1. When you scan segment 233-262, how many residues do you find that are more than 20 Å from the chain's Cα centre (by Cα) and either crowded, with 16+ Cβ neighbours inside 10 Å or assigned to a helix (DSSP H, G or I) (or both)?
2. Hey, among the residues in segment 51-69 that are part of a loop (DSSP other than H, G, I, E, B) and not aliphatic (A, V, I, L, M), which one's farthest from Gly116 (Cα to Cα)?
3. Output the number of the condition that His89 fails; it satisfies all remaining conditions of (1) surrounded by fewer than 24 Cβ atoms within 10 Å (Cβ to Cβ); (2) part of a loop (DSSP other than H, G, I, E, B); (3) free of Cβ contacts under 8 Å to residues at least 60 places away in the same chain.
4. Could you pull out the residue among Ala205, Ala211 that is in contact (Cβ under 8 Å) with a residue 60 or more places away in the chain, out of contact with any Lys or Arg (no Cβ under 8 Å at 6 or more places or on another chain), at negative phi and crowded, with 22+ Cβ neighbours inside 10 Å?
5. Considering only segment 41-65, how many residues are within 23 Å of Tyr158 (Cβ to Cβ), surrounded by fewer than 18 Cβ atoms within 10 Å (Cβ to Cβ) and of a type outside the set (Gly, Ala, Ser)?
6. Condition check: over 30 Å from Gly257 (Cβ atoms), of a type outside the set (Gly, Ala, Ser), at pLDDT below 75 and not in a helix (DSSP H, G or I). Does Met178 satisfy that?
7. In segment 96-139, what residues are outside any strand (DSSP E or B), within 10 Å of the chain's Cα centre (by Cα) and of a type outside the set (A, V, I, L, M, F, W, C)?
8. Which members of segment 1-36 meet the condition of being among the hydroxyl-bearing types (Ser, Thr, Tyr) and surrounded by 11 or more Cβ atoms within 10 Å (Cβ to Cβ)?
Amino acid sequence: MATRHPHSGAPNRLHSLIEWRALAEMAVLPFTWPLLSTAPTGDGHPVLLLPGFMAEEGTLIALKAFLAGRGYNVQTWGLGRNIGFQRRHAHALEQKIRHLHHQTGRPVSLVGWSLGGVFALYGALQAPECVRQLITLGSPVNLDPHGSKSPPLVKALYRMIAHPMGPEVHSMQPRAKMLREHQLPPVPISCLYTLSDGVVPPQEATIDGPATHCENIRVSGSHTGLGFNAMVLCIVADRLAQPEGQWQPFNPAGWPGALYRLMTHAALPV
């Protein structure tokens, strides 16, 4: 079984204070781009990218350019700024997934960053027959019974922008019932998380589920830099490159695997 990370409570306060280190991850990315060119190529199937809270498609530029270079038909959600788990966006996303599936004749892989991963999970639950696999990047896919443990500043921003009663209100929508009950879609799910995430604590960014199609993969980096993180890009490429219907859990091998273990201080992803 894939299991949630045992962390409890809010993210480490220091990690929240130094989320600006994402700028360093962005600055380093151009220097690692030649190494990223050795990542496995794909089979051209459609990949739909979803931005995080208060982010637009522009924040997905590195992911989009990298995956397009690996041979995928990359699309972004086309709904403008992500201003919370809104009903109209949830409905439009489901229609987008169904349209891409019908247009290409192939199931769609979903890659969601932060709150975008919650939208991706919802889309996979609503249209599982149209989805090939789901990858989340630091996404709060597993809320505690007592509510989110994200930092107070993040909660306050959500109340100000999305809803005055906070994210718990949107999770209580009838449309989000399956999310609230922690149901998982019958598609492969890879949840990438970092212990130094200053926004979403690891227990909320990981899931419990059968290892036949669920996994939690630890990475190194900040929350706001996940979409520009070279390690994350490599892992996303590895997950997407698997032949359809032949999904296997992440198993880093060779010198990239040794480097991965060194940087995450983990013998295996947990």
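1. First, pick out the residues of segment 233-262 that are more than 20 Å from the chain's Cα centre (by Cα): 243, 245-246, 253-259, 261-262.
Now restrict to residues that are either crowded, with 16+ Cβ neighbours inside 10 Å or assigned to a helix (DSSP H, G or I) (or both): 254-259, 261-262.
Residues meeting the conditions: 8.
2. Restricting to residues being part of a loop (DSSP other than H, G, I, E, B) and not aliphatic (A, V, I, L, M), the top hit is Glu56.
3. Result: His89 fails condition (2) only.
4. Ala205
5. Result for segment 41-65: 2.
6. no
7. Result: Ser114, Gly116, Gly117, Gly138, Ser139.
8. Taking segment 1-36 and keeping what is among the hydroxyl-bearing types (Ser, Thr, Tyr), we get 3, 8, 16, 32.
The answer is Thr3, Ser16, Thr32.
The values are calculated or read from the model by the stated rules, or taken from the named source; none is laboratory data. These numbers were taken from a predicted model, which means no experiment stands behind them. Ideal geometry is used to build each Cβ from the backbone, glycine not excepted, and the neighbour counts take in all protein chains shown.
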